[in-house]
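A.B. asks: Structure provided below as structure tokens; questions to follow.
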Amino acid sequence: MSTIVIDLPPEIYKRLEEQARRLGQAPEVLSRALLEAALQSSETAQPKNAREVLEAAGRIRPLSATLRSTIIPDVSLAEVRAILTHAAGPSLSDIIQAQRGGKR
């Protein structure tokens, strides 16, 4: 078994001792259990896709109930692309370029 040394601020070590005493364990045993639990938790809690990564970073929020209610279930990406390809009007890029005054 490997050994590591961790410098803890006095108030953290005091809290560790108090919790270990309440549980009837040595601080070293409780420390190892807490570290193992934290590592296990972080391994299982890894975001699985871009949305989860962005939500975890606070860059996006989950959809509101109103927006969620507008989602049409079972529509594939290919179907959405086909519909958008046949939509009338300029592309979003064309609209943005027109608002900016075209390319400079």
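Coordinate-derived values only; no laboratory data. The structure displayed is predicted, hence computed values, not measured ones. Here Cβ is always computed from backbone atoms with ideal geometry, including for glycine, and neighbour counts include all displayed protein chains.
A.B. asks: Using helices alone, what [θ] at 222 nm do you get for the chain, with -39,500 (n - 2.57) per DSSP H run of 4 or more residues, divided over all residues and rounded to the nearest 500?
C.D. replies: Helices in the chain give a 222 nm mean residue ellipticity of -17500 deg cm²/dmol.
A.B. asks: Rounding to the nearest 20 debye, state how big the charge dipole of the chain is about its Cα centre with +1 on each Lys and Arg Cβ and -1 on each Asp and Glu Cβ.
C.D. replies: It works out to roughly 560 debye.
A.B. asks: Could you tell me which label, among (i) 39, 11, 9; (ii) 21, 17, 11; (iii) 54, 19, 14, carries the value of semi-axes √(5λ) of the Cα gyration tensor in Å calculated for this structure?
C.D. replies: Answer by label: (iii).
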